[in-house]
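Just so it is clear, none of the values below were taken in a lab; they were calculated from the coordinates. Because the structure is predicted, anything quoted here is derived from the model rather than measured. Cβ placement follows ideal geometry from the backbone for every residue including glycine, while neighbour counts extend to all protein chains displayed.
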Amino acid sequence: MLYREFGKTKEKVSILGYGCMRLPCVSNNNKSVDEKEAIKQIRYAIDNGVNYIDTAYIYNEGISECVVGKALKDGYRQKIYLADKLPSWLIKSREDMDKCLNEQLEKLSTNYIDFYLLHALNKEYFENLKKNNVFDFLESAVSSGKIKYIGFSFHDELDIFKEIVDYYPWSFCQIQYNYLDKDYQAGEEGLKYASQKGLGIVIMEPLRGGSIATNIPKHIKDIWEEYSGGKKSPVYWALKFLWNYPQIHVVLSGMNNMDHIKENINIANKTKANSLNKEELNLIEKVKKEYESKIKIRCTGCNYCMPCDHNVDIPNVFKTYNDAYMFEDISGMKDKYNKFLEGKASNCIKCGKCEKSCPQHIQIRRELEKAIDLFENNK
Ligand code: SF4
Ligand code: SF4
């Protein structure tokens, strides 16, 4: 395993982190974690050098923290850094924060958390936490030894990311990043911005929720295979791309399969920063362009059209629509759309307000109709 110095904290973290959000389950129910298997997998990763274990209050509907606590018994807690997160959207008062942290420590069977994050910050959640004195809470928790370092994970636009980075002397942050998301949310610019300020950087969604790792469309597979003769997997390239940045310290993988764990560890054992040559970087760029050539709606996700008074989540409707074509996965994205997307296209009353603010001059109403056809008609 290779290790990197985690920004201003100077702690030596493994470049591969274990994301405990998708622990193996015995049924479709997210809470039905196969404890024995999960503990075996987590301990295998630790035995092979992974020292960054990441969980959150909400993972596996609260079960993840309990299972991680059990996996870290028998001396494993002392071998690793433990990361956990405050569920920003559930917090209504300062007391909620103390209550939540105490509950987390109990579930994890530990008396301290190394890296404590405000989970999934966006503008709204951050305002709410500030109003409820979150920094007083965090600093008291550091003073009492319950947490060591303060950070945040993030899902919003780049300018909000910079505002949050500048607001407080954070030790670290966690952002979504992969070769398709160079300009999405914090993106490459945000990554470099936070790094310049000395923050440790953790990456989530390295494989875009698995979309760039499995069920790869043939035209993409052909490009990878032409280069390496099928010897190097899409996962290899996706991880190499990330670890090539010296600014990135930990890449979190939500692992629940022993073969994947072994493959990830194997790649992490060898991948140094700045190790991709020009030809390899061009190859990744070529794959990115090939994926992007399948995009149907040229929406950049800038959010200028939002909010819609009728609760249409325009950028996310378009993103899911584009992903369906990019990954040739209409049924998977239809499922995702119907299960998880709150602001559906069919909420649109065609007022046209959004179109006046779109810098890409997208005919939003017309494109929303197409999304309705693909995802909502004949459900
Ligand atoms: S046209 Fe539809 S999506 Fe656009 S602002 Fe009006 S209701 Fe919202
Ligand atoms: S303003 Fe246009 S480009 Fe920006 S998110 Fe809305 S639809 Fe997409």
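Couple of notes before you dig in:
- Among I175, I39, I53, residue whose mean-square fluctuation peaks in a GNM of the chain (springs only between Cα atoms under 10 Å): I39
- With a simple spin-label model that places each label point 7 Å from the Cα along the Cα-to-Cβ direction, the separation between K218 and S357 comes to 4.4 nm.
- Dividing the convex hull volume of the alpha carbon atoms of the stretch 269-309 by its residue count gives 155 Å³ per residue.
- Projecting the Cα atoms of Y52, I63, I42 onto the charge dipole of the stretch 4-71, computed from C-beta unit charges around the Cα centre, puts Y52 farthest toward the positive end.
- Most mobile of V317, V26, V50 in a GNM of the chain (Cα contacts under 10 Å): V26
- Structure-based [θ]222 nm, the chain - -39500 (n - 2.57) summed over DSSP H runs of at least 4, per residue, nearest 500: -12500 deg cm²/dmol
- Pairwise label distance in nanometres, K36 with S331, each label 7 Å out on the Cα-Cβ vector: 3.3
- Taking the centroid of alpha carbons for each part, the stretch 260-288 and the stretch 200-255 are 7 Å apart.
- Trypsin sites (Lys or Arg not before Pro) restricted to the stretch 113-152 and DSSP loop, no more than 16 other C-beta within 10 Å: none
- By the equivalent-ellipsoid construction on the alpha carbon gyration tensor, the stretch 274-359 comes out with semi-axes of 31, 17, 10 Å, ordered largest to smallest.
- Here the stretch 5-163 is assigned +1 on the Cβ of each Lys and Arg and -1 on the Cβ of each Asp and Glu. Its dipole about the Cα centre then comes out at about 420 debye.
- Overall shape of the stretch 4-150 was characterised from the C-alpha gyration tensor. The equivalent ellipsoid obtained from it has semi-axes of 25, 19, 13 Å, in decreasing order.
- With one equal scatterer per alpha carbon and no solvent term, the Debye-computed log10 I(q)/I(0) for the chain at 0.08 1/Å reads -0.43.
- The length gained on full extension between N347 and R365, counted as 0.36 nm times the residue separation minus their Cα-Cα distance, comes to 5.4 nm.
- When the stretch 166-298 is described by a simple charge dipole with +1 on each Lys and Arg Cβ and -1 on each Asp and Glu Cβ, the residue from Q247, P169, A213 located farthest towards its positive end is A213.
- Of the chymotrypsin sites (Phe, Trp or Tyr not before Pro) in the stretch 269-367, the ones in a loop by DSSP (not H, G, I, E or B) with at most 15 other beta carbons within 10 Å are Y304.
- The chain: most fluctuating residue of N264, N28, N311 per GNM, C-alpha cutoff 10 Å: N28
- About the centre of its Cα atoms, the chain shows a dipole size close to 460 debye [charges on the beta carbon of Lys, Arg (+1) and Asp, Glu (-1) only; nearest 20 debye].
- Contour excess over end-to-end distance, with Cα ends at K296 and Y44 and 0.36 nm allotted per residue: 86.5 nm
- Between W89 and E285, the modelled labels are 3.7 nm apart [label points 7 Å from Cα along Cα→Cβ].
- Across K12/K231; K36/K107; K12/K288, pairs whose alpha-carbon gap is larger than 20 Å: K12/K231; K12/K288
- Within the stretch 1-85, DSSP assigns beta bridges of which about 45% are antiparallel (rounded to the nearest 5).
- Of the trypsin sites (Lys or Arg not before Pro) found in the stretch 322-365, those that fall in a DSSP loop while having at most 12 other beta-carbon atoms within 10 Å are K350.
- Length added when fully stretched, K231-I58, from 0.36 nm per residue minus Cα-Cα: 58.5 nm
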